[in-house]
Every structure is written in structure tokens, then in C-alpha cells.
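Taken together, the values in this text are just the output of simple stated rules run on the coordinates, not laboratory data. Keep in mind that what you see is a predicted model, and the values were worked out from it rather than measured. Neighbour counts run over all protein chains shown; Cβ positions are idealised from the backbone, glycine included.
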Amino acid sequence: MFAWAGEGGMPSTEVRPGDNAARSAPDGEPRGGLGVAVWATLKRDLTLLMRRRSEVLNPLVFFALVITLFPIGISPDPELLATIAPGLLWVAALLAALLSLDSLFRSDYEDGSLEQLLLTPQPLAMLGLAKVAVHWLLTGLPLALMAPVLGIMLALPAGSYLILAVSLALGTASLSLIGAIGAALTVGLSRGGVLLSLLVLPLYIPVLIFGAGAVQAAIMGDGASAHLAILGALLALSLMLAPWAIAASLRISING
Amino acid sequence: MTLRLQARGLACERDDRWLFEDLDLDIRGGEIVRVEGPNGSGKTTLLKILSGQLADYRGELFWNESPMRQARQAFLENLLYLGHAPGVKAALTPLENLAWYQALAGESPTEAARLAALDAVGLAGFEDLPAGQLSAGQQRRVALARLALTPRPLWVLDEPFTAIDRDGVAALEAQLVAHARSGGCVLVTTHHDITASQELRHVRLGRGGRDAEH
């Protein structure tokens, strides 16, 4: 039985054209609207990813596998491993984060949610930022938490675990933001994966240099705070610029 | 405030072929405008241009007499667009899908309103199943529930009748007419024959893009 079939069951579709316009009057602009929309986007994306666990686990498994294979492939010599560990951990984490980027906007593009996202009266940059935040929470943050454990396998000196995790947490946030620009630009292409890597990798290099540098400095006994400060500055810069670049890239992709 | 969406001298080229040229449209509240034409005649493209998604066209668009470029925010606040793809996430339940759309529309999500909207499109009892387990028609109904959930004066609907059964089609038609009668405006493409009513107007697209309005 369909309630939809009769006039009686039909919901009120009364329209007051002035309604929405009145709400957007300069003085009466409800700021709550944006907060609600951003919160709902966060919640929706978190729920979606928690229901597709394999997508969340994929980069983490990749990270663990790569780091496990290096001691086997190179040499189990702890001194040698300790020298290359900061770079190895950072490169592997960077590639793992890159792997997961392609799917950031892909499924929304395919099922039509993305065009709905572009047609909301809410600022697209903020909604895009919410999606990136979820990506970092479920990719960057777990990678940062996992890295010290894998560091043990590479004989990373004990004092540098905290710096490793902090540098990765800061760095992967920048990586997610920068990568999302590339993901937004290539979302309309059927095989955008390679192009995405080519676009994004050059921009990842400063983050890699200072991230791995921070861990190296911690091992050497120099203070890592300068490196961490630069990572923080890179993050602040990406936070300022990336949301607008993501919004513009999404518009270009949908236009094509 | 009255509703008025105008297009002047609209033209769109795809792959060295003009889909339509010199198309003038004047759509007001209280009308159902049906865009007709064979496959590939540019119906979806026209709807995307009119809903502000494509910038790759010639001509001008006006919303309530002011150019679209300036009126975009006001236009988006009045628009409800349902595209070819229903925009329904397979992994989320109908209730969760609608909660997101409700929040995007700037309203605080209330479950009672969502349940009522789902009930109205005949999905009572399916609220908590993942949308991926529903049939194509039911997924389309989830998207159509937004018509009642987030009231907007201008509806732009691309093939809304796809996969909907006969009772559903009749109900949706009635809903479109009721919307037009209450002052709203509907822009729709479909291959279904919509029952003629005094609100219905046709815009025909075809080879050469003559606009045969009547």
C-alpha cells in the first residue's frame, strides 16, 4: 500500500517563495545552518567509511607491509636500519596516504551526491574541508599512531617515537588537504589515479623533507621543534588555501 | 516575491554540434515546464545549465530579474535539483541519506519530518535498511522524498519518473501539479506522458535546436 498514491497521504508541498529569501537577509542570516551542514557531512562520511572498513584498512595494511619488507630486503643490521628509518617511515606513510586519496570524492561523484553538494547554499569550501577532515581522521591519524610500532621493527631509537607520531600527525593533515585538491581535479576522469599522483607528489616534497627531518633531528639529539614548527606552518598554509582550491577544483570537474 | 527564471539567447555546443541555439525561456511560478526531445538532444544539459551547474554556454540567465551571477546565492536557496543519479548512498539507510540532505538545506535535522517524508513516498518500514538493498525504484523514491522534506519553490527534475511504478508516477504527477498550484515552479524532463493540465507547458529540443514553445 502506498500512502503516496492519494492526495490525502501527500505531504504538504505548500511553498512560500519568500521564505528562503527572508532567511538570507543580511541581518537574519542563520549561522547555525553552516554548522549543522558541516556536522552532518562529518557524521555522514564517518558512518560511510566505518561501513566500508576495507577502505580504511587498505592504507594501514600497505604501510605495515612495506615497513615489514624493508628489514628483510635490505639487512637486519640495526645500525643501518636506524639511519634510514625516518625516511622509510615517512615515504611509506606518504604513499599510503596517497593511495587512499583517489576515493575521496569518487563515490560521491558516481552516485550524484557531489552535484548535490555543489548546489547547496552552504559554502562548498567548508563542506569540502569536512570531507578532508574525515579522510585525515581515518587515514593520517591511524598512520601516525601506527608508525612508532613499526619504528620498533626498524630499530628506531627509543627517544624519537613521540616526534615521529607528532610529525606524521601534522604532516598527514597537510597531505590530506593538498591531496584533496588533486582528487577534486581528477574526480571526473575515469582513470585519474596516475594523474593524481603526478599532480600531488611535487607538492608533497616539502612536507616529506621537514617531516623526515624532524625525526632525524630527534635521533641526532638536536631539537626537532624547528622542523615541527615548519610542519605546523605548512599545515596552517594548507588549511587557509586548500579549501578554496578544493571547491574551485570540484566546480571545474563537474563542469566538464 | 514572484518566481521567475529567464534565459535569453541560450546556446550550447557539444562536440562541434549545437545542442540548442537562441533558446529563450521565461519560467514563472505556477508552471510545470516539460523539456522534450529525443535522446541526446540536450535535455539534461539544458537542465544543468538552468540549475547553475554548467558554465559552458552562451546567453544569459536571470533569476527574479537579476543576472544569475549576482543572484546565485538566492537562486540556490530556492532550488531543489534531482539529477539522473539519485544521489542516494547505498551504504546509508534512507533515514541517514535524508538527514544529510536536510542538514545541507540548512535545516536542523528532525527525525519526525524524515519519517513522515519517507512514509509519504511509500517507504514506511524500509527506513533502517541500507539503501543498497532497496530496488532502483525505491532508491529513486528516497531521493523524491526530498521534495516534501525540504520545501523549495523551484524544482528541477531530470527524469524523476525513472524506475517508478504506475501508482508512484500518478502520485508524483499529482505532487507536481499541487506544487505548481501552490505557487511553485517545476522544470522536468521525462519520456512519460504527463497528464495535460493547465499548468503544463512544453519546451521542445531537437535537431537544429528550434525552440518550439507553445
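Key figures for this structure:
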{"quantity": "Loop trypsin sites (Lys or Arg not before Pro), the range A:43-141 (other Cβ atoms within 10 Å of the site Cβ: 16 or fewer; DSSP)", "calculated": "A:ARG52"}
{"quantity": "With Cα atoms, 0 to 90° folded angle of helix A:225-255 axis to chain A main axis", "calculated": "40 degrees"}
{"quantity": "Inter-chain Cβ neighbour average for residues B:88-97, partner chain, 10 Å", "calculated": "4"}
{"quantity": "Nearest-20 debye value, the range A:32-255 charge dipole, Cβ charges on Lys, Arg, Asp, Glu", "calculated": "460 debye"}
{"quantity": "The protein assembly as shown: calculated mean residue ellipticity at 222 nm from DSSP helix runs of at least 4, using -39500 (n - 2.57)", "calculated": "-18500 deg cm²/dmol"}
{"quantity": "Peptides ranked, highest mean first, by Cβ atoms within 10 Å: ranges B:195-202, B:46-53", "calculated": "B:46-53, B:195-202"}
{"quantity": "Where GluC sites (Glu not before Pro) fall in DSSP loop in the range B:51-92, at most 14 other Cβ within 10 Å", "calculated": "B:GLU65"}
{"quantity": "Charge dipole of the range A:32-255 about the Cα centre (unit charges at C-beta), most positive-ward option of A:THR139, A:ALA245, A:LEU99", "calculated": "A:ALA245"}
{"quantity": "Cβ crowding within 10 Å averaged over residues, with B:162-174, A:82-94, A:117-129 ranked highest first", "calculated": "A:82-94, A:117-129, B:162-174"}
{"quantity": "10 Å Cβ neighbours from other chains, averaged over peptide B:175-181", "calculated": "3"}
{"quantity": "Positive-end residue, chain B charge dipole about Cα centroid, Cβ charges, pick of B:LEU144, B:ILE194, B:TRP155", "calculated": "B:TRP155"}
{"quantity": "Net charge dipole size for chain B [Lys, Arg +1 and Asp, Glu -1 on Cβ; Debye, nearest 20]", "calculated": "180 debye"}
{"quantity": "Whichever lysines have a C-alpha closer than 20 Å to that of A:LYS131, once near sequence neighbours (fewer than 8 apart) are set aside", "calculated": "A:LYS43, B:LYS89"}
{"quantity": "Exercise: per-residue mean of other protein chain Cβ atoms within 10 Å, B:144-154", "calculated": "3"}
{"quantity": "Computed over the protein assembly as shown, Kirkwood Rh from alpha-carbon pairs, angstrom", "calculated": "24.4 Å"}
{"quantity": "Overall form of the range A:95-196 per C-alpha gyration tensor (a/c, 1.5; a/b vs b/c)", "calculated": "prolate"}
{"quantity": "Positive-end extreme of charge dipole, the protein assembly as shown - chosen from A:VAL56, B:TRP18, A:VAL207 (charges on Cβ)", "calculated": "A:VAL207"}
{"quantity": "Cut-off 10 Å between beta-carbons: net charge of the residues surrounding B:LEU92, Lys and Arg +1, Asp and Glu -1", "calculated": "+2"}
